[in-house]
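See below for the structure under consideration.
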Amino acid sequence: MTYVDAFLLTLLVITAVSVAGMRNLFAAAVFFGIYSLLSAAWMTVLDSPDVAYTEAAVGAGISTVLMLATLGLTSDREKKDPILKPLPLFIVLATGMVLLYGTLDMPAFGDPMAPIHQHVAPHYLNDSPQEIGVPNIVTAVLASYRGYDTMGETTVVFTAAVGVLAMLIGRRQRPSEAS
Amino acid sequence: MNLLDHFNYYVVITLMMVGFYIIMARNNLVKKVIGLNIFQAAVILMYVTMGRVHDGTAPILADGPDVVYSNPLPQVLMLTAIVVGVATTALGLALVVRIQENYGTIEEDEIRALEDAS
């Protein structure tokens, strides 16, 4: 772990915890944007510039704008209710413990012999220059080897767009019916 | 066993649990969507950290004999997950807007009280 990692991770945890404690929803949405941008920064450190760009544009950009737009249409204050609740806190701590137990036999961070690096990844890394001919291997896998995934993703985005439009178009007709 | 071997998992689990707590403990629906997004970003970080190789570089072809690349596969899967995540966020927030119009509130306990009263 480098100092950069430690710095970014501390900031990430601080941002997430402050979102949990905030009552002003505008502040919470903006803090979520900061959280997203910090995670994009850590992804850059982790050698994944493509994911970092997408997270910075989509996670920090579009998600935050959508949240702010929703707050404009609803309300920006959260009702007063206790921040610490015993039952959710207990469930969260118990789940966290189980997950921590699950990490015990995970391969160490950055271990080149980890199982994840033994299966198809060497094939992508060694053969994609000949088979696909795109220098960016992430692009080659995304658009060619796993092209069906990307098609499924497009289907999901299309369905979500249709759903959002269906809900919000119905909304615009309501005031005219009332008048 | 070195504790720092798994530091990435510890941080990711902390972030996940913060998101999980927001989803369960807060009544405000927008806040729940924010919690869901925090959880999702933590899961994405977990996969990206698993693809990292020591002394590796981004999986973009470079000249040189002994270049070590990080694993491209988790990155590709997480690119898809981010885009799908923003689609579900948009759908959830559209639902919140409609709930606000029908019930006049986006606090879960108030909505439940209104449902019980009717």
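Key figures
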{"read-out": "Among (1) free of Cβ contacts under 8 Å to residues at least 40 places away in the same chain; (2) closer than 30 Å to B:ALA62 by Cβ - the single one A:THR139 does not satisfy", "value": "(1)"}
{"read-out": "Residue match in the stretch B:56-77 (condition: surrounded by 24 or more Cβ atoms within 10 Å (Cβ to Cβ), out of contact with any Cys (no Cβ under 6 Å at 6 or more places or on another chain) and under 29 Å from A:PRO86 (Cβ atoms))", "value": "no"}
{"read-out": "Selection from the stretch B:56-70 of residues that are over 17 Å from A:ASP50 (Cα atoms) and touching a Leu at 6+ places or on another chain (Cβ under 9 Å)", "value": "B:VAL67"}
{"read-out": "When residues of the stretch A:141-165 are limited to those that are more than 8 Å from chain B (Cβ to nearest Cβ) and among the hydrophobic types (A, V, I, L, M, F, W, C), the one surrounded by the most Cβ atoms within 10 Å (Cβ to Cβ)", "value": "A:ALA143"}
{"read-out": "Contacts under 7 angstrom Cβ, first residue in the stretch A:48-66 being more than 7 Å from chain B (Cβ to nearest Cβ), partner surrounded by fewer than 19 Cβ atoms within 10 Å (Cβ to Cβ) and not in a helix (DSSP H, G or I), 6 or more apart", "value": "none"}
{"read-out": "Any chance B:VAL48 is touching a residue at least 24 places away in the same chain (Cβ under 8 Å) and surrounded by 22 or more Cβ atoms within 10 Å (Cβ to Cβ)", "value": "yes"}
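Bear in mind that the values in this text are calculations on the coordinates, not laboratory data. Owing to the predicted nature of the structure, the values given are computational and were not obtained by experimental measurement. Heads up, the Cβs are rebuilt from the backbone with ideal geometry, glycines too, and the neighbour counts pull from every protein chain shown.
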